[in-house]
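*Asks:* Take a look at this one; I'll ask things after.
The values are calculated or read from the model by the stated rules, or taken from the named source; none is laboratory data. In this text, all values refer to a predicted model and were calculated from it rather than measured experimentally. Backbone-built Cβ (ideal geometry, glycine too); neighbour counts: all protein chains shown.
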Amino acid sequence: MLELTDVVKRFGSREALAGLTLSVEPGEAFGLLGPNGAGKTTTIRMACGLLAPDSGRVEFEGFGPPTSAEVRRVLGVAPQSLAIYDELTCAENLEFFGRLFGMSRSARRERAYAIMERVQLEGRARDKVATFSGGMKRRLNLAAALMHEPRIVFLDEPTAGVDPHSRHAILELVRELQGEGVTIVYTTHYMEEAQRVCDRVAVMDQGCLLALGTVDELIAAHGGETVVTVERGTVHERVVTAEPMGVLSEATRDTSVTSLRVERPDLEAVFLSLTGRSLRD
Amino acid sequence: MRVPLAIAIKDATLMRRDMTAFFFTVIFPLIVGILFGMIFAGPATGSGPAEAMTLGVVDLDRSEFTADLTSALDATEEIEVKAFASEAEAEDAVRRGEIPAAVVLAQGMEDSLDDVFTGAPVKVECIADPSRGAETGILQGVLTQTMFAQLFKSIAKPERLHTSLEQARESLLTTEGVNPVQRALFDQMIRSAEGLIDQQIDQTDAGTDDEGASVGGAFEFNPVDIQVRKAQRETSGAEPSSSFEITIPQAAGWALLGCVTGFGASIVRERQSGTLDRLVLAPVGRWQVLAGKALGCFLTALAVQLLLFVIGIAFLGVRPDSYPLLALAIVCSCAGFVGVMMVLAVISGTSDGAEGLTRGALIVMAMLGGAGIPLAFMPGWLRVASGASPFKWVIVALEGAVWRDASLGEMLVPCAVLLAIGVVGVAIGSSRMKWER
Ligand SMILES: Nc1ncnc2c1ncn2[C@@H]1O[C@H](COP(=O)(O)OP(=O)(O)OP(=O)(O)O)[C@@H](O)[C@H]1O
Ligand SMILES: [Mg+2]
């Protein structure tokens with residue numbers, strides 16, 4: 001679907017992307033995971049044609065570079081910053097963006113209401129965005145990317161600064177889109193989100209791709225083994241084992257055990273082992 | 001055109017809802033146009049009350065009396081005399097608003113003084129501008145007073161008095177139906193009058209104008225008859241017919257300033273918030289995005305100018321010399337300032353400081369261009385310097401169509417300059433536009 005080949009982008013002397021190569025398959029949810037400044041946003045801006053690479057190629061299968069009008073028609077972007085008009089109402093925002101895509105009046109009205117329902121903003125359709133909470137704006141920012149029913153959607157930190165309720169709604173929507181066969185490129189620095197919605201994850205740091213694969217593959221390759229913590233009163237015992245079931249069955253028969261914790265190595269552990277740093281410092 | 005129009009309508013909506021932008025684009029210009037128009041419409045128009053008023057004098061008699069009268073009028077505190085060779089010239093000057101009134105001292109005026117005692121008053125024709133009632137009122141008062149004094153001085157000259165009385169006696173002798181006793185009686189009265197007047201001459205020779213007037217009043221007859229003729233001011237002349245014809249074009253200048261700073265800032269804001277990315281990401285050319293911005297600015301500017309002129313024409317007595325030329329001037333002004341907006345958007349995009357600086361520069365340009373001080377009140381060198389300000393060309397174009405009675409040829413210069421600013425500005429804007437954050 002989307003192919004980035006050896007993409008380099010410099011801002012002045014700073015190299016934001018140092019030769020990135022990756023491909024996104026049709027219909028998959030592709031995660032870009034990395035700390036602040038890793039180059040996630042730069043990758044997305046490059047992929048959708050807002051930035052031209054200094055070298056390397058960006059290509060949409062069957063369409064060519066992202067600057068062509070055909071690509072634009074099937075491409076939806078929810079930028080990291082809230083790219084919506086504060087002084088327009090929720091419905092006006094959506095209908096305006098629909099108009100840019102040549103949708104008819106009735107089509108954009110219908111679509112705007114359908115999409116507001118999906119992000120649970122239908123009750124605020126006639127309210128100015130300026131009166132919205134941060135989470136509501138985030139959801140509208142996402143809705144605006146979906147107005148023209150794109151086939152590939154770039155979501156740049158769609159859950160930044162939202163409460164658990166909004167986060168849940170957004171993640172549910174992403175899952176629904178995935179079910180509809182929409183290709184999704186999702187950036188985040190929350191590993192649990194990447195784990196929840198992404199089929200494959202690219203771990204990035206300082207403009208470089210560190211690892212790429214399904215969540216399980218990444219953990220298997222870089223996450224290490226399972227960690228079982230057994231507590232007897234104040235005494236903690238950590239057991240690192242490839243066979244956690246044995247440790248558990250033994251511990252449950254021991255009456256002195258007050259608490260048991262099984263920890264599966266996660267993407268955090270993957271990132272830690274790849275960079276020696278934690279994802280969020 | 002569909003996409004640019006959508007962007008234009010969206011931007012106009014945003015502008016309307018943005019209180020600051022709305023204030024500087026609509027409210028402030030209305031204040032300038034209406035409030036300042038009302039202030040200037042007060043007593044400040046024309047010559048101030050403390051200054052001497054100019055009275056046109058057409059001396060057709062060229063006699064000693066009329067010469068004396070003219071210099072006596074000139075000598076008064078209130079009046080300064082301006083001589084005209086003919087009645088037509090003086091009337092033209094009144095029509096053009098150069099002088100509030102003129103008097104015509106008809107041929108044979110001096111000779112007519114002899115008839116004063118037989119009840120025929122000296123007739124003076126006065127041509128006055130009816131729109132300057134207060135000034136002409138004062139002029140008439142001073143004129144009457146001065147003429148009276150001059151008249152008295154003149155007829156008080158012994159030779160003239162004796163001639164007058166001689167004439168009276170002659171008419172007495174020749175009038176039929178008067179019996180000899182009455183004739184003798186009147187003759188005796190005239191003789192004693194001669195004696196009386198001889199005595200009075202000695203006293204009044206040293207008298208001032210005021211005393212002359214009071215002495216005149218004692219005669220209890222009115223020897224001066226001022227006939228006022230109204231000369232309607234030509235409103236289509238090279239003079240504004242009301243102060244609003246000056247302030248409404250100025251208001252239009254301020255409205256353009258508000259409009260271009262608002263739209264320039266909106267491009268910067270869209271770039272910062274990321275909505276510009278959404279516009280660029282739509283399947284439309286970048287030129288369509290720019291065209292949308294330009295169209296929005298143009299239509300908003302046009303709407304505000306129309307609002308200002310409709311209010312001016314409907315309620316404030318603005319009477320454009322030519323509606324087609326006014327339409328041309330408005331369209332060219334809006335087009336020119338689309339260019340200014342584009343340049344502003346490019347400069348403002350470079351840094352935060354640049355935005356404030358360009359706004360400040362624009363305000364100075366607006367003041368310099370005649371949106372602050374009317375161009376007519378500027379010293380010559382400043383008026384030349386103001387040519388560098390696009391606002392000047394807006395004011396020149398609008399004033400040309402409203403009250404300067406400019407021909408199509410004269411309108412071409414400001415209109416061409418404005419269109420050139422528009423073209424160059426759009427060219428700079430579209431080539432230098434910064435699309436990325
Ligand atoms: N317009 C720009 N000008 C200069 N440097 C930039 C620009 N955009 C990004 N960078 C630099 O490129 C690098 C990558 O930035 P990018 O925004 O892609 O990171 P990110 O992974 O999206 O981070 P975050 O999680 O904070 O959003 C950073 O070092 C950043 O400073
Ligand atoms: Mg980012």
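*Asks:* A:THR226 - would you say it is crowded, with 19+ Cβ neighbours inside 10 Å, of a type in the set (S, T, N, Q) and either farther than 18 Å from A:SER23 by Cβ or away from ligand 2 (no atom under 16 Å from the Cβ) (or both)?
*Replies:* no
*Asks:* Which one is farthest from A:ALA211 (Cα to Cα), of the residues in segment A:12-47 that are in contact with a helix residue (DSSP H, G or I) (Cβ under 7 Å, 6 or more places away or on another chain) and within 13 Å of ligand 1 (Cβ to nearest atom)?
*Replies:* Here the answer is A:ALA16.
*Asks:* Only one of B:ILE428, B:ILE395 is more than 14 Å from chain A (Cβ to nearest Cβ) and within 30 Å of A:PRO79 (Cα to Cα). Can you tell me which?
*Replies:* Checking each option against the conditions leaves just B:ILE428.
*Asks:* Say we look at segment B:384-413 and pick out the residues that are at pLDDT below 90 and under 19 Å from B:PHE40 (Cβ atoms); which of these is surrounded by the fewest Cβ atoms within 10 Å (Cβ to Cβ)?
*Replies:* B:ARG404
*Asks:* Scan segment A:24-50 for residues that are in contact with a Ser or Thr (Cβ under 7 Å, 6 or more places away or on another chain) and of a type in the set (A, V, I, L, M, F, W, C) and jot them down.
*Replies:* Of everything in segment A:24-50, those that are in contact with a Ser or Thr (Cβ under 7 Å, 6 or more places away or on another chain) and of a type in the set (A, V, I, L, M, F, W, C) turn out to be A:VAL24, A:LEU32, A:LEU33, A:ILE44.
*Asks:* Would you please name the residue that is nearest to ligand 2 (Cβ to nearest atom), looking only at residues in segment A:143-186 that are within 14 Å of chain B (Cβ to nearest Cβ) and farther than 25 Å from A:LEU212 by Cβ?
*Replies:* So the residue we want is A:ALA144.
*Asks:* Hey, does segment A:26-38 have a residue that's in a strand (DSSP E or B) and within 13 Å of ligand 2 (Cβ to nearest atom)?
*Replies:* Yes, segment A:26-38 contains a residue that is in a strand (DSSP E or B) and within 13 Å of ligand 2 (Cβ to nearest atom).
*Asks:* Still on this model: Looking at this structure, is B:THR261 hydroxyl-bearing (Ser, Thr, Tyr) and either in contact with a Pro (Cβ under 7 Å, 6 or more places away or on another chain) or within 14 Å of chain A (Cβ to nearest Cβ) (or both)?
*Replies:* no
*Asks:* Being loosely packed, with under 15 Cβ neighbours inside 10 Å, in contact with an Asp or Glu (Cβ under 9 Å, 6 or more places away or on another chain), more than 25 Å from A:GLU117 (Cα to Cα) and not acidic (Asp, Glu) narrows it down to one of A:THR255, A:THR241, so name that one.
*Replies:* A:THR241
*Asks:* Hey, another quick one. Scan segment A:100-130 for residues that are closer than 22 Å to B:VAL3 by Cβ and part of a loop (DSSP other than H, G, I, E, B) and jot them down.
*Replies:* A:PHE101, A:GLY102, A:MET103, A:SER104
This table checks each residue for (1) under 28 Å from B:LYS123 (Cα atoms); (2) at pLDDT below 90; (3) surrounded by 21 or more Cβ atoms within 10 Å (Cβ to Cβ); (4) away from chain A (no Cβ under 12 Å).
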| residue | (1), (2), (3), (4) |
| --- | --- |
| B:ILE7 | no, no, yes, no |
| B:PHE23 | no, no, no, yes |
| B:ILE39 | no, yes, no, yes |
| B:LEU69 | yes, yes, yes, yes |
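*Asks:* Restricting attention to segment A:82-99, which residues are in a helix (DSSP H, G or I) and under 11 Å from B:THR275 (Cβ atoms)?
*Replies:* Once the filter is applied, which keeps residues that are in a helix (DSSP H, G or I) and under 11 Å from B:THR275 (Cβ atoms), segment A:82-99 yields A:ASN93, A:PHE96, A:PHE97.
*Asks:* Kindly provide the set of residues from segment A:39-81 that are more than 11 Å from chain B (Cβ to nearest Cβ), among the small types (Gly, Ala, Ser), out of contact with any Pro (no Cβ under 7 Å at 6 or more places or on another chain) and not in a strand (DSSP E or B), ordered by number.
*Replies:* If the condition is that a residue be more than 11 Å from chain B (Cβ to nearest Cβ), among the small types (Gly, Ala, Ser), out of contact with any Pro (no Cβ under 7 Å at 6 or more places or on another chain) and not in a strand (DSSP E or B), then A:GLY39, A:GLY62 are the ones that fit.
*Asks:* Of everything in segment A:1-11, what is more than 14 Å from ligand 1 (Cβ to nearest atom) and part of a strand (DSSP E or B)? Give them in sequence order.
*Replies:* A:LEU2, A:GLU3, A:THR5, A:ASP6
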